[in-house]
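**Student:** Here it is, the structure, as structure tokens.
The values are calculated or read from the model by the stated rules, or taken from the named source; none is laboratory data. Note that this is a predicted model, so its numbers are computed, not measured. Note that we place each Cβ from the backbone using ideal geometry, even for glycine, and neighbour counts take in every protein chain shown. For the accessible areas, the whole protein counts, side chains as well, though only heavy atoms, and no ligand, DNA or RNA atoms are used. Shrake-Rupley method; radii C 1.70, N 1.55, O 1.52, S 1.80 Å.
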Amino acid sequence: MTQQVLVFDVNETLIDIGSIAPVFERIFGDPATMRGWFAQLLAYSMTVTASGHYVDFFTLGQAVLRMLATTRGVDISDDDEDALKHAMLTMPAHPDVAEGLTILRDRGFRLVTLTNSPPNPFGPSPIEHAGLGHLFERQLSVDACRAFKPAPPPYLYACEQLAVAPQECMMVAAHAWDTIGAQSVGFSGALIARPGNAPLPVAGLPQPTVVATDLRDLADKLTNRDGLSSTD
């Protein structure tokens, strides 16, 4: 195993979506509503792609917010939608991420991101806002191919942009659907088992090549304990 390119998911994998819970607490009176919103956002992003349509992730997130409000009989305003978009653009990094990425970069791995979120034409990307931009060679978005992960086009687009074969890449994500999608086109997969996330143990589906608790644990497993250094 000599993967030289680590392709990172962004939302929840690197940056903390829990930080947007106060928006939902203010609107719905319950911060836990955020998790239901995020699950529906992911489900409808996959629906959009499977049905041959495309709308960017932030616009879809605002629409799912309004849909959720309708089902709960809650009135929301344009300001509420704007607050959600701002929160999605300004999430902080998980505390383990900068150290783990630095170790991996210093050991010679190429680090890139591949996110469902669109580029921000008016300011820093979420990765840059979280103080991680300098650690990545490229920041790639599914917006360029107008299809959301885990459909094949985003992963193949990343390979084209980096001039590498899928077999040279490892998808690093906190969601099994993302590692399954990447592994289905030839990547290997590293699942970051953040709270609420775990492998999907179904025979016949790709299972993660590596399971790690956080980015520091992943760096340890890829560079030390399992001997999976990019220079081996």
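**Student:** In square angstrom, what is the accessible area per residue of the chain with a 1.4 angstrom probe? Numbers along the way, then the final one.
**Tutor:** Values: 9910 Å² over 232 residues.
Each residue of the chain exposes 43 Å² on average to a 1.4 Å probe.
**Student:** Here's something else I'd like to know. Given a Förster distance of 25 angstrom, what is the FRET efficiency for Asp220 paired with Ser19, based on the Cβ-Cβ distance and rounded to 0.05?
**Tutor:** Here the calculated transfer efficiency is 0.45.
**Student:** Explain nothing, just the number: dipole magnitude of the chain about its Cα centre with +1 on each Lys and Arg Cβ and -1 on each Asp and Glu Cβ, in debye rounded to the nearest 20. It would help to have the intermediate numbers written out before the result.
**Tutor:** Numbers: 15 positive and 26 negative charges, 91 e Å.
So the dipole magnitude of the chain works out to roughly 440 debye.
**Student:** Kindly sort Arg105, Arg146, Arg110 by accessible area of their heavy atoms, largest first, with the probe set to 1.4 Å. Write out the running numbers ahead of the final one.
**Tutor:** Values: Arg105 95, Arg146 140, Arg110 70 Å².
Solvent-accessible surface, decreasing: Arg146, Arg105, Arg110.
**Student:** Of Gly123, Ser141, Pro92, which is farthest along the charge dipole of the stretch 1-146 in the positive direction, counting Lys and Arg as +1 and Asp and Glu as -1 at C-beta?
**Tutor:** Ser141
**Student:** Plugging the Kirkwood radius over Cα pairs into Stokes-Einstein for the stretch 50-137, at a temperature of 20 °C and a viscosity of 1.002 mPa s, what D comes out in µm²/s? Show your work: numbers first, answer last.
**Tutor:** On the way: Rh = 15.3 Å.
In µm²/s, the coefficient is 140.
**Student:** Kindly sort Arg35, Arg194 by accessible area of their heavy atoms, largest first, with the probe set to 1.4 Å. Present the calculation step by step, with values, prior to reporting the outcome.
**Tutor:** Details: Arg35 110, Arg194 20 Å².
Reading off the accessible areas and sorting them downward yields Arg35, Arg194.
**Student:** With a point put 7 Å past each Cα toward its Cβ, work out how far Asn120 is from Glu137 in nm, to one decimal.
**Tutor:** Label at Asn120, label at Glu137, 2.5 nm between them.
**Student:** Full extension from Asp79 to Ala63: what is 0.36 nm times the residue separation minus their Cα-Cα distance, to one decimal in nm? Intermediate values should be presented prior to the final figure.
**Tutor:** Numbers: separation 16, 0.36 × 16 = 5.76 nm, distance 1.34 nm.
Separation in residues times 0.36 nm, less the Cα-Cα distance, equals 4.4 nm.
**Student:** Could you state how much accessible area Met67 has, in square angstrom rounded to the nearest 10, with a 1.4 Å probe and all protein chains kept in place?
**Tutor:** Accessible area of Met67: about 70 Å².
**Student:** Lys/Arg Cβ at +1, Asp/Glu Cβ at -1, dipole of the chain taken about the Cα centre: which of Tyr155, Leu132, Thr59 is farthest positive-ward?
**Tutor:** It is Tyr155.
**Student:** Additional query: At 7 Å along Cα-to-Cβ for each site, give me the label-to-label distance between Leu205 and Asp106 in nm.
**Tutor:** Taking the simple label geometry, Leu205 and Asp106 are separated by 3.7 nm.
**Student:** Return the long-range amide H neighbours of Leu140 (sequence gap of 5 or more, or a different chain), with a cut-off of under 5 Å between placed amide H atoms.
**Tutor:** Thr113, Leu114, Thr115
**Student:** Report ³J(HN,Hα) in whole Hz for each residue of the stretch 101-113, in order, from the Karplus equation J = 6.51 cos²θ - 1.76 cosθ + 1.60 where θ = phi - 60°; Gly and Pro get x.
**Tutor:** Per residue, the Karplus-derived 3J(HN,Hα) values read 5, 4, 4, 5, 4, 5, 8, x, 6, 7, 10, 9, 10 Hz.
**Student:** Could you state the angle between the C-alpha long axis of helix 57-72 and the longest principal axis of the C-alpha atoms of the chain, as a value from 0 to 90 degrees rounded to the nearest 10?
**Tutor:** Helix 57-72 sits roughly 40 degrees off the main axis of the chain.
**Student:** Follow-up. Return the ratio Rg/(2.2 N^0.38 Å) for the chain, where Rg is computed over Cα atoms only.
**Tutor:** Numbers: Rg = 17.4 Å, N = 232, 2.2 N^0.38 = 17.4 Å.
In units of the globular-protein estimate, the chain measures up at 1.00.
**Student:** I've got another one for you. Dipole of the stretch 126-196, Cα-centred, from +1 at each Lys and Arg C-beta and -1 at each Asp and Glu C-beta, to the nearest 20 debye? Display every interim value, and only then the final one.
**Tutor:** On the way: 4 positive and 6 negative charges, 36 e Å.
Charge dipole, the stretch 126-196, about its Cα centre: 180 debye, nearest 20.
**Student:** Quickly rank 175-187, 52-64 as a protection proxy: mean count of other C-beta atoms within 10 Å, highest first.
**Tutor:** Order by mean packing, descending: 175-187, 52-64.
**Student:** If I compute solvent accessible area with a 1.4 Å probe over the protein chains, what percent of it on the chain is carbon and sulfur?
**Tutor:** 54 percent
**Student:** Check which residues have an amide H placed less than 5 Å from Glu12's amide H, if you skip close sequence neighbours.
**Tutor:** Close amide H contacts, sequence-distant or interchain: Ile17.
**Student:** Same structure again: Report the relative contact order of the chain, percent, no decimals, based on alpha-carbon pairs under 8 angstrom and at least 6 residues apart. Don't skip to the answer; put the middle values down first.
**Tutor:** Numbers: 384 pairs, mean separation 56.6, N = 232.
About 24 percent, as a whole number.
**Student:** Calculate, for Gln167 and Ala39, the FRET efficiency according to 1/(1 + (r/R0)^6) with r their C-beta to C-beta distance and R0 25 Å; round to the nearest 0.05. Show your work: numbers first, answer last.
**Tutor:** Values: r = 32 Å, r/R0 = 1.27.
My answer for the efficiency is 0.20.
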